[in-house]
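The structure under discussion appears below in the form of structure tokens.
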Amino acid sequence: MSIQSIFLDEDIVFDLFYERGEDSKNAKALFSLLEEEKLNGFVSSNTIFNLFNILEKNLGAGAAKEKLIMFRSLVKVLSVESKIIDLALNSKISKFENAIHYFLVKNQNIRFYITNEKKDFPKDNLVILNTIEFLKYENFID
């Protein structure tokens, strides 16, 4: 069985960092699979920038960097190129950040997009799931 590649939306990472209820438990399970190298995780360069800014405001620069260094060891960072920006600007996806991530994931041929905001995306061959749906889909949990 090959290792699946997944793209993680920012909201999933915030579930992990800020322990937001049941979503946090599921995010921890997902990140454990990344640690065990049972999944390949990807985020956008925008996500790293946004995470740092929010973590810095809440924790200070030093603690924010420490968290991101730990997080960065689990995921690969995808650069957002001008082609992706152009596709997002001309997209019907209402939330610009979602459009950027959608086209970035499509461009990289990543099959799974993990997010809590599923309704904004077109229906196509990209599988868009929340954390619990993905864990069940891939039979990591019952």
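The values are calculated or read from the model by the stated rules, or taken from the named source; none is laboratory data. In this text the structure is predicted, and so the values were computed from the model without any measurement. Cβ: placed from backbone, ideal geometry, glycine included. Neighbour counts: every protein chain shown. We work out accessible area using only protein heavy atoms, side chains counted, and drop any ligands, DNA or RNA first. Shrake-Rupley method; radii C 1.70, N 1.55, O 1.52, S 1.80 Å.
The HN-Hα couplings worked out from phi for the range 112-122 by the Karplus form 6.51 cos²θ - 1.76 cosθ + 1.60 (θ = phi - 60°) are 10, 10, 9, 7, 8, 10, 7, 6, 7, 9, x Hz, whole numbers, x standing for Gly and Pro. Report the residue, chosen from ASN109, ASN46, ASN98, that carries the largest GNM mean-square fluctuation when the chain is represented by alpha-carbon nodes joined by springs under 10 Å. Judging by the Gaussian network model, the answer is ASN109. Taking only the C-alpha atoms of the chain, Rg followed by Dmax gives 14.7, 42 Å.
When the chain is treated as a GNM with alpha-carbon contacts under 10 Å, the residue of ILE69, ILE110, ILE100 showing the greatest mean-square fluctuation is ILE69.
Here the chain has 50 percent of its accessible surface on carbon and sulfur atoms, given a 1.4 Å probe and all protein chains in place.
As a test of the formula, what do you get for the chain when each DSSP H run with n ≥ 4 contributes -39,500 (n - 2.57) and the sum is divided by the residue count, at 222 nm and rounded to the nearest 500 deg cm²/dmol?
Values: 7 runs with 79 residues, N = 142.
Value at 222 nm, helices only: -17000 deg cm²/dmol.
Applying a threshold of 27 Å to the alpha-carbon distances of LYS38/LYS106; LYS83/LYS119; LYS57/LYS136; LYS95/LYS123 flags LYS57/LYS136 as lying beyond it.
With a cut-off of 8 Å between alpha carbons and a minimum separation of six or more residues, what is the relative contact order of the chain in percent? Write down the numbers at each step before the final one.
Working: 173 pairs, mean separation 38.4, N = 142.
Result for the chain is 27 percent.
Each other residue within a Cβ distance under 11 Å of GLN4 adds +1 if Lys or Arg and -1 if Asp or Glu, for a net charge of +1.
Please calculate how many Å² of accessible area the range 87-126 carries per residue, with a 1.4 Å probe and no DNA, RNA or ligand atoms counted.
58
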